[in-house]
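Everything below concerns the one structure shown next.
The values are calculated or read from the model by the stated rules, or taken from the named source; none is laboratory data. Please read these numbers as outputs of a predicted model, since none were measured by experiment. When we count neighbours, we look across all protein chains shown, and the Cβ atoms used for this are built from the backbone with ideal geometry, even at glycine.
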Amino acid sequence: MSAVPAKYQGLRSFAFGDGPELADELLDLVIKGVKTATCSTEDEPNTSTPGEQWIVLDGRGEPRCVIETIEVSYRRFPEVDAAFACEEGEGDRSLAYWRQAHRKYFGRLGRFSEDMTLMCERFRLVEVF
């Protein structure tokens, strides 16, 4: 188990994605500095505010790094732009890939609709454990 430094004790934690494989894939992109944004449905309990720090877990639930929220905005699915899609860092980083991957992801969760509102978050990597 990765030890969480004392200064981060008490932070909320989460894993990206909806399963161990995706959690590890997206975490790797964060650690490499490729993924600097994420989105979720507007009604998820893990809403964030600028300045808030989070412990990111790997696919086994082990703490791997800390990120800090820089910006939060709310957009409908079709309003997500190419710049945000690129910052999410997935696939070829294009808007077309982002839309296809997120239709599948939110579809698996039973939550997709073309006019859904997303919480779009930009973040920075603070520390890797």
Pairs only if they're at least six apart or on different chains, beta carbon under 6 angstrom, first in the range 26-42 and within 13 Å of Val66 (Cα to Cα) and touching a residue at least 24 places away in the same chain (Cβ under 8 Å), second aromatic (Phe, Trp, Tyr) and buried (at least 16 other Cβ atoms within 10 Å of the Cβ); list them, first residue then second.
none
So Ile70 passes all but one of these: (1) among the β-branched types (Val, Ile, Thr); (2) in contact with a Lys or Arg (Cβ under 6 Å, 6 or more places away or on another chain); (3) touching a residue at least 60 places away in the same chain (Cβ under 8 Å). Which condition number does it fail?
(3)
Within the range 41-60, residues in contact with a helix residue (DSSP H, G or I) (Cβ under 9 Å, 6 or more places away or on another chain) and either at pLDDT below 95 or over 25 Å from Asp92 (Cα atoms) (or both) come out as Thr41, Gln53, Ile55, Arg60
Helices (runs of 4 or more DSSP H) contained in the range 1-118 and holding at least 3 residues under 15 Å from Phe129 (Cβ atoms):
20-31
Give the residues of the range 48-78 that are farther than 20 Å from Leu27 by Cβ, under 14 Å from the mean Cα position of the chain (by Cα) and surrounded by 14 or more Cβ atoms within 10 Å (Cβ to Cβ), sorted by residue number.
Val72
